[in-house]
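Worksheet: one structure, shown below.
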Amino acid sequence: MAGLDPSGVGTASARPVRATSPRYGDGVSARWTVEQVAAVAPSPRSVAAAEPLADAARWTALGADDRALWGRCRGSGAEPYETMVDHAEVAWRCTCPSRKLPCKHAVALLLLWVRGGVPDGVVPASVAGWIEARDRRAARSSHPSAGEPADAPGSDSAAGTDDRDERDGSGSDGDLPPDRSDLDRARDERVARMLAGLTELDRWLEDRMRTGLADPALASYATWDHLAARLVDARAGALANRVRRLAGLVGGGPDWHAEVLAELGLLHLIAQGGQRVPVLPGPLADAVAAASGWQVRQADVLAGVPDTDEWFVAGRSDVREDRIEVRRLWLRGAASGRWAMLLSFAAYQQSLDESWTVGTVVHADLHRYPGGALRALAGRRYADPLPFAEPIAMSLAEACDSIGAAVAAEPWLERYPAIVRARPTVLDGRWVLSDDTGSLPLIGPRRSLATVLGASGGAPATLTVEWSPWGVQPLTVHADDRAIDVGPRADPSFVGAA
C-alpha cells in the first residue's frame, strides 16, 4: 500500500501508514487528484477495476464532507456494499469481502469524489461513529495514560491503524462499533443455507419429474408442506409460499396437471437462477434473490435515492396469507409513468395502512427495493393529497404489451397493474373485459364484478386492473367525478382466529 507525503506524491510503504491529505489554509481538506488516488491504490490493476464503479449510477446514499466520503455500491451480492473513506487521514472501510486495502469500491468512491460526482451531505451516524472511534484511538496513541508505554515507531498503532481498523472499523476497544466480521459471517452463513435449500429444491423437482404428476404423494398436502418447511429453514420464505399455494392446485380442476407443471417449471427457474446470483447482472441478481426469499433491510432501502413524483393511487388489493392480511397499493408516477407497489401487513388486532386513498394524487418520495421489482417504501410527503384525478387509460393490446415486457424480465411475476379503457361483457360463457383490440378474462369476487357492471352500465369504462396468469381482477372504477374502490378484501371472519 502507499501513503501520501506532504507534497501529495505517493510513497511506497511496507505497512499501512497514517497519511494526511492536502489541506487549504483554513484547515478544510482539499480535494485529491487522480494521481493521489492512484498512489494509495494497491496496484494499477486495482484502479482499472475501480473505474467502471466510479459512476454515480452504481451508487446510492452518496455523500461527502470535509473529512469523509460514504456511499453504497451495488455489486454481485444481494445487498450493496457500504463504503466509507476518511480522505483527511487516509483510511477506508468497506463491507465487501475483498482483502485488498483499499478495495476497488473505496478507490472508486475516491475517483468519483475527485471528479465532482459525490454531493455534500450530512454525515450518517455509522460514518460519524467510525470517524470518532479512529480519533479516540489516535488521541490515546498520542497521549498514553500513566504506566502505559507509548506505541513504538513503526507499530500498527503508531501508524494509526491495523488491517482490521481499515477494513471495518473494529478494534479492541469496547466503545467502538461492532466488528463487521460477525455480520459478514452471519450473512455468508445465510447465503450458504439458502443455496443449499435451492439445491435441495432442484433435486426434489427432478424427483417429481421422474415419478410423474400421477404420483399419489402429490395429492397429500403433507408432501408440499414438508418441502415448504425445509425452504423456510433455508431462509427461502418466498419460495415456501409458492410451494404451499401450489399444493392447492393439485386435483383442483380438469387442467390442474398443466397448471402444476407450469408452476414447477417456475420453481426450477428460480432455483437455478438463485444458485447463480453471484454471476448474474446486478438488477437481475436482485430480482432472483428477492424471488428466492432474500430479505432486504428497510433501513437500507430508505437510505437509497428516493423516486420523487406525484403518485396516483390507482388501486388496492387485500389478500390473506395464513393469518396475515396483506395489502397491495398500486401507485403510478404522473411524470415518469412508472408503477410502484406499497405493501402493508396486519396480524391479529393490527390494522392495514389506510394513509393512501384510492383515486388521490400524493406528491411524495418512494424508496424502491433493489432490482426491477415494483415494491417500494413510502418516504417523505411534500403536500396534502389531491382529492381526485382522472387517469390516462390504454387499450387492452397496449396493456398486454406492458405486462408482457414485465413478465419477460421476470417470468415468475404473479401480478402486474394496468389502467385500461374497456367494457365488461360475456364471451364464450365467461365474463371478460373487451375493446376493439381484444379481450381479457375477468376474475375476482362476484361483488367486484357486480359493482363494475353497475358503475359502467355495460359501457366502456376506465378501470385499474391487476393482471395474474389466470386473468385480470378489477380494482378501481374511475368514474367522471370519483374513484370506486372494488378491490378484494381479506375475509374478516378470520380476524382473531385462534
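The values are calculated or read from the model by the stated rules, or taken from the named source; none is laboratory data. Here the structure is a predicted model, which means the values were calculated and not measured. Positions of Cβ are backbone-derived with ideal geometry, glycine not excepted, and every protein chain shown enters the neighbour counts.
Residue check: Ala378 meets all listed conditions (1) under 13 Å from Gln298 (Cβ atoms); (2) surrounded by 15 or more Cβ atoms within 10 Å (Cβ to Cβ); (3) at pLDDT below 90 but one, namely (3). Among the residues of this structure, Gly274 does not count as one that is in contact with a helix residue (DSSP H, G or I) (Cβ under 9 Å, 6 or more places away or on another chain), modelled with pLDDT under 85 and more than 30 Å from Val123 (Cα to Cα). The residues on offer are Gly487, Gly458, Gly496, and the sole one that is under 25 Å from Glu390 (Cβ atoms) and at pLDDT below 90 is Gly458. Of all the listed residues (Asp173, Asp163), the sole one being at pLDDT below 85, surrounded by 12 or more Cβ atoms within 10 Å (Cβ to Cβ) and in the same structural domain as Arg99 (by TED's automatic domain parsing) is Asp163. Scanning the stretch 333-365 for residues that are outside any loop (DSSP other than H, G, I, E, B), more than 19 Å from the chain's Cα centre (by Cα) and more than 18 Å from Ala389 (Cα to Cα) returns a single hit, Ala346. Scanning the stretch 404-426 for residues that are closer than 23 Å to Val452 by Cβ and either touching a Ser or Thr at 6+ places or on another chain (Cβ under 7 Å) or surrounded by 18 or more Cβ atoms within 10 Å (Cβ to Cβ) (or both) turns up Glu414, Arg415, Tyr416, Pro417, Ala418, Ile419, Val420, Arg421, Ala422, Arg423, Pro424, Thr425.
When Gly251 is tested against the conditions (1) within 23 Å of Pro469 (Cα to Cα); (2) modelled with pLDDT of 85 or more; (3) of a type outside the set (Val, Ile, Thr); (4) out of contact with any Lys or Arg (no Cβ under 9 Å at 6 or more places or on another chain), the lone failure is (2).
Could we say that Glu259 is modelled with pLDDT of 90 or more and acidic (Asp, Glu) here?
Numbers: modelled with pLDDT of 90 or more: no; acidic (Asp, Glu): yes.
Considered against the rule, which asks whether it is modelled with pLDDT of 90 or more and acidic (Asp, Glu), Glu259 comes out as no.
Check Ala393, Ala389, Ala405, Ala383 and return the single one that is out of contact with any Pro (no Cβ under 9 Å at 6 or more places or on another chain), within 27 Å of Ile484 (Cα to Cα) and free of Cβ contacts under 8 Å to residues at least 40 places away in the same chain. Answer to the check: Ala383. Of the residues making up the stretch 314-329, at least one is surrounded by fewer than 14 Cβ atoms within 10 Å (Cβ to Cβ) and either part of a loop (DSSP other than H, G, I, E, B) or modelled with pLDDT of 95 or more (or both). Of the candidates Ile419, Ile403, Ile392, the single residue that is in a loop (DSSP other than H, G, I, E, B) and of a type in the set (A, V, I, L, M) is Ile392. Taking the stretch 126-139 as the range and being at pLDDT below 85 and surrounded by 15 or more Cβ atoms within 10 Å (Cβ to Cβ) as the test, the residues that pass are Arg137, Ala138. A count restricted to the stretch 49-99 and to residues that are more than 20 Å from the chain's Cα centre (by Cα), of a type in the set (Asp, Glu) and either buried (at least 19 other Cβ atoms within 10 Å of the Cβ) or in a loop (DSSP other than H, G, I, E, B) (or both) stands at 4. Based on this model, can you work out whether Ala217 counts as outside the structural domain of Val465 (by TED's automatic domain parsing) and in contact with a Ser or Thr (Cβ under 7 Å, 6 or more places away or on another chain)? Yes: the conditions hold for Ala217.
Among the residues of the stretch 461-478, is there at least one that is over 31 Å from the mean Cα position of the chain (by Cα) and not in a strand (DSSP E or B)? So far as the stretch 461-478 goes, no, none of its residues is over 31 Å from the mean Cα position of the chain (by Cα) and not in a strand (DSSP E or B).
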